[in-house]
Amino acid sequence: MDRSHLIAANINRGKALYEQKRYQEAYKCFQNIEHCHGNDYNYLYFYGRLKLQNRENSDARKLFLQALKLNNSNELDLYIAIATTYYQDCDFNKAISISQLILKNKEITSELENYLQELICYCYLSMGDLTKGWQLYNYRKPGLLVKAQLAKKCNLPFWQGENKPNANLLVVAEDGLGDELIYTSFIHLLPDKVKQVYLECDARLIPLFARTYPDIIFFARNNIDSFKKAAKHCDMCVLLGDLPRYLNPEMAKGKTIALKPAHKFKKNLPNNKSLVGISYYTPVPNSEYRMPPLDFWEKIFKACPGVAFINLQENKKTDPKKRSFLYNHKSVQQINEVDLYNDLNGLAELICHMDFVLSISNYIAHFTGRLARPSALVAQKFCNCRWILAEDPSPWYPTLKLIRGKEVGGWEEVKNNVINILHEL
C-alpha cells in the first residue's frame, strides 16, 4: 500500500471509529497521520472534534478553520464548533458573539438554535451574569428532553413564577444528583407562592429533604405510579431546573440540609489527625478533564502526613482501571459502616465529621456545600458553568472554596494550593 492509500485508510478508519464512539482509538488513527494528512476534510473535521472533546481547544480551532476553507456546505456546524472552543477556553464574549451571528442565519435548524442558545446561556452563567443566564436556561438540553417526555405523562400547564395561593404545584426532576442539590436550594421559597408543593427527586435524598422541608411532599423519581399519583393532586408543573429563573435569579443562599447529630462513625475515625474527606471520580461521559491525574492525589498524601484521608467516593460506578488504587490506597481510610451509594443520610453524617472535604466537580461537592461544611473543589481553569469563573467562594455554597488552575492541565498549581490549605488545618 502506497503512502496516499495508507493515509486514506487511516482517515476512513478514524472516521468509522469516531462514529462508533471509540474515541481514543479514533484519536490515535488521526494522530498517526498528523503531519501528512494533505488537508483532507474528514481528517480536519473529525480530528478537530476529538481535540474539542479533549479540551485541546486551540488545536481544534485551527483544524476547524482549515476545514472551513475546504467545505462550505458544513459551514454552520464548523462555526458552532469554533464557538464551543472559545467557550471551553473561557473566552465567553467571543463565544457569545459567534453564536449570535450564527443565530441570524435563516437556514439554522431548531436543534442547532437550541444548542447555541444553551451555549450562550452557559457563557452568561459562567461570567456571573445570572439574570441573562437564567433567562436562557430553558434552552438546556436536559430540560427540553424532560419537557418532551412530560407531555406524554401529564397535561398540566407550566408554572412561570406567578403567585397561585390556591393551586398545587408539581416540581419535576431533571439531570443528576448534583443538580437536584443545587436547585432544591430554592424550594423553601415555594410555599409562599402556591398552596402545596409535590417534588420529584432521587429516592435517596427523600429522608434528608423531608426533614429539611416538612411543608413539601417528596416522591421518588423514575417511578411512574408515584408520579401519576402526585400529578392528580396538582394544577400546574415546573421543571426543577427552572426554579432559579422564577424564584431567585441572583442566587440567595439556600437552606442548609438539617441533620440530626450522629456519632456512630466516630469510633472508627482517627482522633489525633485532621479528617479530610476526598472524592476523586465522576462517571459522567467525556469528563476526564474534571479529574486530576492520579499522581496529584499521591503527592498530596505524601505532603500531608498529619492528615487522615477518608474516602467519600462510592465505588459502584468507579472505573477500576483508573481509580481503584485510590480506593485501596494505604493513605485513604474506608468507612465500611456506610453504604456511600445508597445511604445518603449516612454519607451526610460522615461528611459532618470531616474537618475538610476535597472533591472534584461531582455530587459530593454539592452535597458538602448543602451541608455547609468547610470544603474545596479542585478544577482546571474551567470545568462547567455551575462553578462561576470569577467567584470564590462558590455563590451556591459559601463554605466551598474553588481551587482552579490558570490553564487546561494546570493541576500542579492546584495541588500546591490544596497542600497549603491542608497544612493550615
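For the range 104-119, state whether one or more residues are surrounded by 14 or more Cβ atoms within 10 Å (Cβ to Cβ), under 18 Å from the mean Cα position of the chain (by Cα) and not acidic (Asp, Glu).
Yes: the range 104-119 contains one or more residues that are surrounded by 14 or more Cβ atoms within 10 Å (Cβ to Cβ), under 18 Å from the mean Cα position of the chain (by Cα) and not acidic (Asp, Glu).
Counting only residues that are assigned to a helix (DSSP H, G or I) and in contact (Cβ under 8 Å) with a residue 60 or more places away in the chain, how many does the range 289-303 have?
Going through the range 289-303 one residue at a time, the tally reaches 6.
If we scan the range 342-361, do we find a residue that is at pLDDT below 90 and either part of a strand (DSSP E or B) or among the aromatic types (Phe, Trp, Tyr) (or both)?
no
Conditions first: (1) more than 30 Å from Leu389 (Cβ to Cβ); (2) in the same structural domain as Asp242 (by TED's automatic domain parsing). Glu107 passes all but one, so which condition is the exception?
Of everything listed in (1) more than 30 Å from Leu389 (Cβ to Cβ); (2) in the same structural domain as Asp242 (by TED's automatic domain parsing), Glu107 misses just condition (2).
If only one of Tyr18, Tyr45, Tyr23 is touching a helix residue (DSSP H, G or I) at 6+ places or on another chain (Cβ under 9 Å), surrounded by fewer than 20 Cβ atoms within 10 Å (Cβ to Cβ) and aromatic (Phe, Trp, Tyr), which one is it?
Testing whether each residue is touching a helix residue (DSSP H, G or I) at 6+ places or on another chain (Cβ under 9 Å), surrounded by fewer than 20 Cβ atoms within 10 Å (Cβ to Cβ) and aromatic (Phe, Trp, Tyr) leaves just Tyr23.
Matching residues to (1) under 26 Å from Arg370 (Cβ atoms); (2) assigned to a helix (DSSP H, G or I); (3) modelled with pLDDT under 90:
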{"residue": "Lys228", "(1), (2), (3)": "no, yes, no"}
{"residue": "Met251", "(1), (2), (3)": "yes, no, yes"}
{"residue": "Gly254", "(1), (2), (3)": "yes, no, yes"}
{"residue": "Lys260", "(1), (2), (3)": "yes, no, yes"}
{"residue": "Pro283", "(1), (2), (3)": "yes, no, yes"}
{"residue": "His329", "(1), (2), (3)": "no, no, yes"}
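For the condition more than 17 Å from Leu181 (Cα to Cα), part of a strand (DSSP E or B) and in contact with a helix residue (DSSP H, G or I) (Cβ under 8 Å, 6 or more places away or on another chain), what is the one hit in Ile419, Ile403?
Ile403
Take the conditions of a type in the set (Asp, Glu) and free of Cβ contacts under 8 Å to residues at least 12 places away in the same chain and apply them to Glu174. Does it pass?
No.
Among the numbered conditions (1) of a type in the set (A, V, I, L, M, F, W, C); (2) surrounded by 15 or more Cβ atoms within 10 Å (Cβ to Cβ); (3) in the same structural domain as Asn54 (by TED's automatic domain parsing); (4) part of a helix (DSSP H, G or I), tell me where Leu101 comes up short.
Result: Leu101 passes all but (2).
Tell me which residues, restricted to the range 274-287, are over 13 Å from Tyr363 (Cβ atoms) and under 12 Å from the mean Cα position of the chain (by Cα).
Pro285, Asn286
Given the criterion surrounded by 21 or more Cβ atoms within 10 Å (Cβ to Cβ) and either closer than 20 Å to Arg290 by Cβ or touching a residue at least 12 places away in the same chain (Cβ under 8 Å) (or both), identify the matching residue among Leu65, Leu125.
Leu125
The values are calculated or read from the model by the stated rules, or taken from the named source; none is laboratory data. The structure presented is a predicted model; accordingly, all values stated were derived computationally and were not measured. As a convention, Cβ positions derive from the backbone with ideal geometry for all residues, glycine included, and neighbour counts pool all protein chains shown.
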